[in-house]
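Below: one structure, written as structure tokens.
The values are calculated or read from the model by the stated rules, or taken from the named source; none is laboratory data. These numbers were taken from a predicted model, which means no experiment stands behind them. Cβ: placed from backbone, ideal geometry, glycine included. Neighbour counts: every protein chain shown.
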Amino acid sequence: MKRNFEVHGKERLIAGLLLITACIAVAGVLLIVLFVFREGWPVLMKYGPLSLASGKEWQPTSHEYGLLPLIVGSFYVTLTALILGVPLGIGCAVFMAEIAPNWVNKVIRPAINLLAGIPSVVYGFFGLVILVPVLREIIGGIGFSLFAGGVILAVMILPTIISISEDSLQAVPNDYKEASLALGATHWQTIYKVLVPAAKSGITAATILGMGRAFGETMAVIMITGNTPLVPHSMFDPGPTLTGTIGQEWAYASGEHAQALFAVGIFLFVFIIIINSLALLFSQKRVTS
């Protein structure tokens, strides 16, 4: 009886410590959100959310805080990253989960983990030194463009998409695969007609999380997108992003300009919350299906 009481006492202590840790983490996030909203709220109320979101001019010296160039630039960069990164990530996940032998996986998986650990400034420096000159020669112009930022972000989101997609494929019951093969389907037909559709909710969640990763990147984007405060007409034009504008202008911002950057952070929070909510929705669908 005494031993059981000691065991239960230790369990309650550990549970209490874990609860305190979780509360501290949640409190930290809430404090950051409250701080950003408190600082950006005056500009948000003065100009109005719709007016800010639809404004085409970002000229802080003239008190013009149109976020449309920033939103369009973030959209182009994220779209390019998804177009390039999602097929590569899903293809690599399928290869690792169903095709590659164990010794190949032992080589590929550490390389993917290494991609996740490389600092974003290194990606940006690579794009600045290698990618921008190549695009300047092939496409013309100055080479700095939203497309260049999207290419770098496509590489940066690969670890997220690959790891979650691979886990989703491996979580598919083996009975599905055996039943498909027993009906005469080839291995490849089983993969793209049975396994991938069965894991589509997890793959979709991986894609959405990768989109959130690309949408929130700052340093690499600042270095290679050009950051011109104009509405880009295509992904091959230079342009700003929400995160890049905050990172680039915060060093010298003051007064209403600083509040406007916090307002940009509010819009960024809203977009990220929407993206993460979609990822959570698809993840829950995966668990219940």
Exercise for the section: Name the one entry in Pro119, Pro173, Pro133 that is surrounded by fewer than 21 Cβ atoms within 10 Å (Cβ to Cβ), at pLDDT 85 or above and either over 30 Å from Ser234 (Cβ atoms) or not assigned by TED's automatic domain parsing to the domain that holds Thr225 (or both). Expected result: Pro173
Practice task
Identify the single condition in (1) in contact (Cβ under 8 Å) with a residue 12 or more places away in the chain; (2) out of contact with any Pro (no Cβ under 7 Å at 6 or more places or on another chain) that Ala182 does not satisfy, given that it satisfies every other one.
Solution key: (1)
Problem - Residue that is under 15 Å from Gly265 (Cα atoms), touching a Lys or Arg at 6+ places or on another chain (Cβ under 7 Å) and surrounded by 13 or more Cβ atoms within 10 Å (Cβ to Cβ), where the choices are Gly66, Gly40 - result: Gly66
Exercise for the section: Determine whether Phe35 is part of a helix (DSSP H, G or I), assigned by TED's automatic domain parsing to the domain that holds Val264 and either surrounded by 11 or more Cβ atoms within 10 Å (Cβ to Cβ) or of a type in the set (Phe, Trp, Tyr) (or both). Expected result: no
Practice task
Among the candidates Phe75, Phe95, single out the residue that is in the same structural domain as Gly212 (by TED's automatic domain parsing), surrounded by 13 or more Cβ atoms within 10 Å (Cβ to Cβ), at pLDDT 90 or above and closer than 28 Å to Ala198 by Cβ.
Solution key: Phe95
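This table checks each residue for (1) farther than 21 Å from Thr245 by Cα; (2) in a helix (DSSP H, G or I); (3) in contact with a strand residue (DSSP E or B) (Cβ under 9 Å, 6 or more places away or on another chain); (4) in contact (Cβ under 8 Å) with a residue 12 or more places away in the chain.
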{"position": "Ile71", "(1), (2), (3), (4)": "no, yes, no, yes"}
{"position": "Phe75", "(1), (2), (3), (4)": "no, yes, no, no"}
{"position": "Leu79", "(1), (2), (3), (4)": "no, yes, no, yes"}
{"position": "Leu84", "(1), (2), (3), (4)": "yes, yes, no, yes"}
Problem - Test: Ile130 is more than 21 Å from Glu166 (Cα to Cα) and either over 24 Å from the mean Cα position of the chain (by Cα) or of a type in the set (Lys, Arg) (or both) - result: no
Practice task
Identify all residues within the stretch 180-206 that are assigned to a helix (DSSP H, G or I) and among the small types (Gly, Ala, Ser); write none if there are none.
Solution key: Ser180, Ala182, Ala198, Ser201, Gly202, Ala205, Ala206
Exercise for the section: Look through Val132, Val94, Val122 and report the one residue that is within 21 Å of Pro240 (Cβ to Cβ) and out of contact with any His (no Cβ under 6 Å at 6 or more places or on another chain). Expected result: Val132
Exercise for the section: Tell me, please, whether a residue that is in a strand (DSSP E or B), modelled with pLDDT under 90 and under 26 Å from Gln248 (Cα atoms) can be found in the stretch 38-61. Expected result: yes
Problem - Residue within the stretch 105-120 that is part of a helix (DSSP H, G or I), touching a residue at least 60 places away in the same chain (Cβ under 8 Å) and either hydrophobic (A, V, I, L, M, F, W, C) or within 23 Å of Phe271 (Cα to Cα) (or both) present - result: yes
Practice task
Name the residue, out of Gly202, Gly212, that is of a type in the set (Gly, Ala, Ser), over 30 Å from Val72 (Cβ atoms), touching a residue at least 40 places away in the same chain (Cβ under 8 Å) and buried (at least 18 other Cβ atoms within 10 Å of the Cβ).
Solution key: Gly202
Handout entry: Residue satisfying condition, being within 25 Å of Val122 (Cβ to Cβ), modelled with pLDDT of 90 or more and part of a helix (DSSP H, G or I), within set Leu153, Leu209
Key = Leu153
Handout entry: Leading residue by the ranking (farthest from Gly140 (Cα to Cα)) among those in the stretch 249-267 that are over 20 Å from the mean Cα position of the chain (by Cα) and buried (at least 18 other Cβ atoms within 10 Å of the Cβ)
Key = Gln259
Handout entry: Residue that is β-branched (Val, Ile, Thr) and surrounded by 19 or more Cβ atoms within 10 Å (Cβ to Cβ), where the choices are Thr225, Thr218
Key = Thr225
